[in-house]
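A.B. asks: Here's a structure for you.
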Amino acid sequence: MYHTKYKPTKIYNLNLRKGNFPKFNQTNFISAQILKNKRHQAAPPNVFRATDNDDILGLAHIKQKRISMQTILGAGGPIGIELARALTAYTSKIRLVNRNPVKVNETDQLLPADLLDRNQVFKAILGSSVVYVTVGFLYNLKIWQQNWPKFIKNVIDACVEHNCKLVFFDNIYMYDANFLDGMAEDTPIDPPSKKGKVRAEIAAMIMDKVKEGQLEALIARSADFYGPSIKNSSMLTETVFKPLSTGKKANWMASLNHKHSFTYTPDAGKATALLGNSAEAYNQVWHLPTAKNPYTGKEWITAIANEMGVKPRFQVASSLIVKILGLFMPIMREMPEMMYQYDRDYVFNSDKFNSHFDFKTTSYLEGIKAIVKSDYKKEPVKNDS
């Protein structure tokens, strides 16, 4: 179990729209507290609501574990799975929602649903104290533009109607490309890509409701992620781990010489669960814990190859090569507009989280070792000539 360091919570400027998103003020904060108090009063008799004294004593999570339903929308992806595992530290009632949910824990409740259907979203959220969004729509611009705003609006409306807290798992596509070396929660919002504009829009939708005092929510942002047993959703898996494991060359975009942060998925799951169960974490943006001093592209390839026992063979993918790779790797088809993340240092800062919580972040070498042990054969792979 991870505990906060009990320092006064600061309400941060969320900076969701460049230059014009207002800071939280005392009125906003009081409104959020009034909303929270109303939820305590509205709780049915058989539902326990932790008191402030319980929180101070560190007992809230113990009582909450017996009765509090927490729901994951998009539970079948790598983050949803890790989150489901981590939530068992806080509650025995976990509801997993996607088209074909599969149990992660023995006591999980499964609810098949089409999350693009408004009525099914409302049904999925009903009875929940906290709702986590870890949905991963197909990595395709048109699908993102069509699905994300509609889905988020329905989730917000359902959470407001059913008095649920919302935890949104987010990426960093909305950040200004000129400020990627040391990205923090207050990094300027100026999306350099069309996908980034979609992410900025939906984040603003959530925090606008928070600002209005209608919703308790937080945004948990991750760098590009990597971790065990990830299929088709991690760039590092698709371009480095998989090719090297089959004797092929690794692929890296734009330049091998720039640093690139990756967030380890088990850490992301544990930290998201911790935030969702920490009252003081709401109404702000958090960067999830990510190891410091990220490797360069060449260092990533070398470290992974060394752990696999193969030569660190690679090729640097220009825009043309990325387009060709897209013929065989669906995730690469959408990457030309995202290559700016690889032609400069991409360094993710999670100091805010680290200063507030006692949490051991997995080092890059530890993460690589765990992935190779879990997903790839230990014996050396014969390299292609």
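The values are calculated or read from the model by the stated rules, or taken from the named source; none is laboratory data. All figures in this text were calculated on a predicted structure; none of them were measured in a lab. Here the Cβ is made from the backbone with ideal geometry for all residues, glycine too, and neighbour counts use every protein chain on show.
A.B. asks: For the range 102-121, what are the residues that are under 19 Å from Thr265 (Cα atoms) and touching a Gly at 6+ places or on another chain (Cβ under 8 Å)?
C.D. replies: Val102
A.B. asks: Could you please find all residues in the range 131-159 being within 26 Å of Asp224 (Cβ to Cβ), in contact with a strand residue (DSSP E or B) (Cβ under 9 Å, 6 or more places away or on another chain), outside any loop (DSSP other than H, G, I, E, B) and β-branched (Val, Ile, Thr)?
C.D. replies: Val131, Val133, Ile152, Val155
A.B. asks: Kindly indicate whether Phe353 is closer than 24 Å to Ile219 by Cα, surrounded by fewer than 20 Cβ atoms within 10 Å (Cβ to Cβ) and under 22 Å from the mean Cα position of the chain (by Cα).
C.D. replies: For Phe353, the condition - closer than 24 Å to Ile219 by Cα, surrounded by fewer than 20 Cβ atoms within 10 Å (Cβ to Cβ) and under 22 Å from the mean Cα position of the chain (by Cα) - is not met.
A.B. asks: Could you please let me know if Arg333 is surrounded by 16 or more Cβ atoms within 10 Å (Cβ to Cβ), of a type in the set (Lys, Arg), over 25 Å from Pro188 (Cα atoms) and out of contact with any Leu (no Cβ under 7 Å at 6 or more places or on another chain)? Talk me through it step by step, then tell me what you get.
C.D. replies: Values: surrounded by 16 or more Cβ atoms within 10 Å (Cβ to Cβ): yes; of a type in the set (Lys, Arg): yes; over 25 Å from Pro188 (Cα atoms): yes; out of contact with any Leu (no Cβ under 7 Å at 6 or more places or on another chain): yes.
Yes: the conditions hold for Arg333.
This table checks each residue for (1) hydroxyl-bearing (Ser, Thr, Tyr); (2) not assigned by TED's automatic domain parsing to the domain that holds Asn251.
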position: Arg313; (1), (2): no, no
position: Pro330; (1), (2): no, no
position: Tyr342; (1), (2): yes, no
position: Lys352; (1), (2): no, yes
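A.B. asks: Any residue at all in the range 242-258 that is in contact with a Phe, Trp or Tyr (Cβ under 7 Å, 6 or more places away or on another chain), of a type outside the set (Lys, Arg), surrounded by 22 or more Cβ atoms within 10 Å (Cβ to Cβ) and part of a helix (DSSP H, G or I)?
C.D. replies: The answer is no, given that none of the residues of the range 242-258 is in contact with a Phe, Trp or Tyr (Cβ under 7 Å, 6 or more places away or on another chain), of a type outside the set (Lys, Arg), surrounded by 22 or more Cβ atoms within 10 Å (Cβ to Cβ) and part of a helix (DSSP H, G or I).
A.B. asks: Taking the condition closer than 19 Å to Leu87 by Cβ and either part of a helix (DSSP H, G or I) or modelled with pLDDT of 95 or more (or both), does Ala124 pass?
C.D. replies: So Ala124 fits the description; yes.
A.B. asks: Please note which helices (runs of 4 or more DSSP H) are completely contained in the range 259-327 and include at least 2 residues that are hydrophobic (A, V, I, L, M, F, W, C), on the phi < 0 side of the Ramachandran plot and surrounded by 24 or more Cβ atoms within 10 Å (Cβ to Cβ).
C.D. replies: Values: elements: 265-276, 297-308, 319-325.
By residue number, 265-276, 297-308.
A.B. asks: Here's something else I'd like to know. Give me the pairs: first residue in the range 269-280 and under 16 Å from Ser129 (Cβ atoms), second residue assigned to a helix (DSSP H, G or I), beta-carbon distance under 7 Å, and six or more apart or on different chains, which are they?
C.D. replies: Matching pairs, first to second residue: Thr272/Leu83; Ala273/Leu83; Ala273/Ala86; Ala273/Leu87; Leu275/Ala281; Asn277/His61; Ala279/Asp55.
A.B. asks: Looking only at the range 103-121, filter to residues that are part of a loop (DSSP other than H, G, I, E, B) and of a type in the set (Val, Ile, Thr); which one of those is surrounded by the fewest Cβ atoms within 10 Å (Cβ to Cβ)? Step through it out loud before you land on a result.
C.D. replies: Just the residues of the range 103-121 that are part of a loop (DSSP other than H, G, I, E, B), to begin with: 103-108, 113-117.
Add one more test, that the residue is of a type in the set (Val, Ile, Thr), and what stays is 104, 107.
Details: Val104: 20, Thr107: 10.
Once the filter is applied, the top-ranked residue is Thr107.
A.B. asks: Write out, first by first residue and then by second, each pair whose Cβ atoms fall under 8 Å of each other, whose residues are 6+ apart or on separate chains, and whose first residue, in the range 77-88, is of a type in the set (Lys, Arg) while the second is crowded, with 24+ Cβ neighbours inside 10 Å and in a helix (DSSP H, G or I).
C.D. replies: As it stands, the answer is Arg85/Gly269, since those pairs meet every condition given.
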